[in-house]
Amino acid sequence: MEITSYEINGTTIYKTDNELYWRLVHDGRNILSLTESQDTIETIHTIFVARTEIECLDEIERLGLTFLEKPKIYENLVDSYLDNIHGDIDDIPDNNI
Amino acid sequence: MIGLSRHFRDKTDEYFEFDVVTTSSPETVTFGMNRNPTYMTSFAQHVVEWGDGNTSYMGTSDISHSYSTAGTYTIRIWTREKSLNFYKFDLITSQNLPSLDLSFAKTMYRYYFQNGSSITYLKLPQEILTTNPLYLYVGFINFTNDSDILDFSSYFGLQSIFRLFGSSNVKRIVLPLVNNYASFQLTWYDDVVEAIGPNAGTPGNYEVDLDLMNISTTCRISAPVPAHPNNFNSINLPATAFSSAGITTFFISGSNCTTMDVSNVRWNQTSNIMQMYIINNRSLQNLTLASSPVSASGMFRDIVLYDCRFTNSTLDFSAYQLSQGSSLYVNSNYGENSNTHTVIFKASANTTLSQLYAKRGIFSNFNFTDIPNATDINDSYLEMSGNGMTAAQVNKILYDLDTISVSGYTGRQIFLSGNSAPDSSSGGYDGLTAKTNLITKGFTVYTA
């Protein structure tokens, strides 16, 4: 895996090739993406690549990166599967007792 | 060993009462009965009077009591609230209570009975004398009522959250024509209910018919296990299902419907956080959306059409104004929307996209230029990978996004892998230049 860079109008752009690797894209504080893919990624942010996910996780820990807040949509989709199967009705307000 | 009598009385001394007969000395009676802690504001709200002068408070574990001498004792259970909350409601072994007769509990507004496998018969009050929202939650109880109908048609004037599931042998649930269902929520879990609604008609249709329901705020019908054979396969959503004020949240999941017409749903006219979820309907092929604007100034924060099987060639949201920071999901899990290639946004300068998910299908055509400020938001996440797009289609998307996008925002990402790589000329667009422009504006771009 090779990460190359080039400049456009003074902006450095980093680019991966399309070899299958784990790729971590981050801005030094937040994680933009962490995937195993053959994508060509181009970004002004930092790209870290590794053979294994654990290496990326180690890098995340080393730099103290945080995942962007989980999209609420995902939570709703998961909830839809779990909704009340086990009798959990937490979403009913309890303000009328 | 046991004799049963039970009733509730109105108002201040509503109670549930039955007799037990002990034959040995001492004898411990244990009830598989405990409270649901979620809706109990203190420990002491369900009081158990054992009939021998002793009193207990129902907790979250099964209750028991030891009688020192044999005899007949009348056990009385009462609540300090207009609420019956039993997480478990089995009277075990010899103290079996097969019937749940709540005929006199008409000032209650919250009924919560779950896990009562020995309860086979439910009798509810003919009317409810409260203006509080009615919460009816009956789960995993195998009713074998005299008829196959649970009839709530006389429960007038209520705002209701309504849940019933896991109850076999109930084929029809008749709902009342109330003034205002502020929040109608029906969860359908492994039930054999075949008709539900004010006009619940012939069993066998697996139909939810909300005609004349007058729902406002929230309409949520959920079958948590997608593709379960007992899930409903027909839903009727005429305008009269909704109040004139309209709803802000619409959620239909897990149905076996092959067609669904949501064009007559009445939406709120001013809210800017409206939500439409049509998800996990794995037989749904043909979705009919509204063709004229559904709200005067209201906007949708989330439109999620997820894990369906659309054969619509176009998903046209031109009647649905997306808000700032909105999310639009139109993808299925693994590309089952095999015929949907076009997404049409309602033209608006007010729309910004926090999330667009249109991946693993054949999506290829988006009118981004009609939402010229779509990417003017941090962390915008535009996921269009895995659609097998041609270079010309990828070029056009990159070109349009470059056209509408400006610098000054962080964390924005465009996912176009799983499609052809962009090039400099296909379709008459220079995708490579557009892509570079987007990256210099701060986007991270993923391509083949």
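The values are calculated or read from the model by the stated rules, or taken from the named source; none is laboratory data. Please read these numbers as outputs of a predicted model, since none were measured by experiment. Methodologically, a virtual Cβ is constructed for each residue, glycine included, from the backbone with ideal geometry; neighbour enumeration extends over all protein chains shown.
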Worksheet item: Restricting to strands (runs of 3 or more DSSP E) lying wholly in the range B:204-264: which have 2 or more residues that are within 17 Å of B:Ile278 (Cβ to Cβ) and away from every other protein chain (no Cβ under 14 Å)?
Response: B:215-222, B:234-236, B:242-253, B:259-261
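Does B:Ile344 meet the test of being over 18 Å from A:Thr11 (Cβ atoms), more than 14 Å from chain A (Cβ to nearest Cβ), aliphatic (A, V, I, L, M) and part of a helix (DSSP H, G or I)?
In short, no.
Quick one: in the range A:3-18, of everything that is outside any strand (DSSP E or B) and farther than 20 Å from B:Thr433 by Cβ, which residue is farthest from the other protein chains (Cβ to nearest Cβ)?
Taking the range A:3-18 and keeping what is outside any strand (DSSP E or B), we get A:9-10, A:17-18.
Applying the additional criterion that residues be farther than 20 Å from B:Thr433 by Cβ yields A:17-18.
Working: A:Asp17: 12, A:Asn18: 7 Å.
Looking at residues that are outside any strand (DSSP E or B) and farther than 20 Å from B:Thr433 by Cβ, I get A:Asp17.
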Worksheet entry | Subset of the range A:19-32 (residues that are more than 7 Å from every other protein chain (Cβ to nearest Cβ) and either out of contact with any Gly (no Cβ under 9 Å at 6 or more places or on another chain) or closer than 18 Å to A:Glu2 by Cβ (or both)) | A:Glu19, A:Leu20, A:Tyr21, A:Trp22, A:Arg23, A:Leu24, A:His26, A:Gly28, A:Ile31
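Search the range B:323-352 for residues being among the β-branched types (Val, Ile, Thr) and closer than 18 Å to B:Leu289 by Cα, and hand back the single one that is nearest to the chain's Cα centre (by Cα).
Let us first name the residues in the range B:323-352 that are among the β-branched types (Val, Ile, Thr), namely B:330, B:340, B:342-344, B:351-352.
If we keep only those that are closer than 18 Å to B:Leu289 by Cα as well, we get B:330, B:340, B:342-344.
On the way: B:Val330: 19, B:Thr340: 26, B:Thr342: 28, B:Val343: 26, B:Ile344: 27 Å.
Looking at the filtered set, the residue picked out is B:Val330.
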Practice prompt. Could you list all residues from the range B:413-428 that are within 9 Å of chain A (Cβ to nearest Cβ) and part of a loop (DSSP other than H, G, I, E, B)?
Written response: B:Ser417, B:Gly418, B:Ala421
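Let's see how each residue does on (1) under 23 Å from the mean Cα position of the chain (by Cα); (2) part of a loop (DSSP other than H, G, I, E, B); (3) under 21 Å from B:Asp370 (Cα atoms):
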| position | (1), (2), (3) |
| --- | --- |
| B:Asn272 | yes, yes, yes |
| B:Asn281 | yes, yes, no |
| B:Leu284 | yes, yes, no |
| B:Leu287 | yes, no, no |
| B:Ser292 | no, yes, yes |
| B:Ser295 | yes, yes, yes |
| B:Arg301 | yes, no, yes |
| B:Arg309 | yes, yes, no |
| B:Tyr320 | yes, yes, yes |
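Do you know which of the residues in the range B:396-412 that are polar (S, T, N, Q) and not in a helix (DSSP H, G or I) is farthest from the other protein chains (Cβ to nearest Cβ)? Give the steps one after another, and end with the answer.
Just the residues of the range B:396-412 that are polar (S, T, N, Q), to begin with: B:403, B:405, B:407, B:410.
Of the ones still in play, those that are also not in a helix (DSSP H, G or I) are B:405, B:407, B:410.
Values: B:Ser405: 14, B:Ser407: 10, B:Thr410: 7 Å.
Out of the qualifying residues, it is B:Ser405.
Here is a yes/no grid of residues against (1) modelled with pLDDT of 95 or more; (2) surrounded by 23 or more Cβ atoms within 10 Å (Cβ to Cβ):
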{"site": "B:Met276", "(1), (2)": "yes, yes"}
{"site": "B:Gln285", "(1), (2)": "no, no"}
{"site": "B:Thr288", "(1), (2)": "yes, no"}
{"site": "B:Ser297", "(1), (2)": "yes, no"}
{"site": "B:Tyr306", "(1), (2)": "no, no"}
{"site": "B:Thr311", "(1), (2)": "no, no"}
{"site": "B:Asp316", "(1), (2)": "yes, no"}
{"site": "B:Ala319", "(1), (2)": "yes, no"}
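Considering only residues that are aliphatic (A, V, I, L, M) and within 14 Å of chain B (Cβ to nearest Cβ), look in the range A:40-61 and name the one that is farthest from the chain's Cα centre (by Cα). First the steps, then the outcome.
We begin by selecting, within the range A:40-61, every residue aliphatic (A, V, I, L, M); these are A:41, A:44, A:47, A:49-50, A:54, A:57, A:60.
Imposing the further condition that a residue be within 14 Å of chain B (Cβ to nearest Cβ) reduces the set to A:41, A:44, A:47, A:49.
On the way: A:Ile41: 14, A:Ile44: 16, A:Ile47: 12, A:Val49: 13 Å.
Ranking the candidates gives A:Ile44 first.
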Fill in: Matching entry among B:Ala391, B:Ala349, B:Ala374 (being surrounded by fewer than 19 Cβ atoms within 10 Å (Cβ to Cβ) and modelled with pLDDT of 95 or more)
B:Ala349
Discussion item. Among the residues of the range B:281-294, are any touching a residue at least 60 places away in the same chain (Cβ under 8 Å) and farther than 26 Å from B:Ser354 by Cβ?
Written reply: no
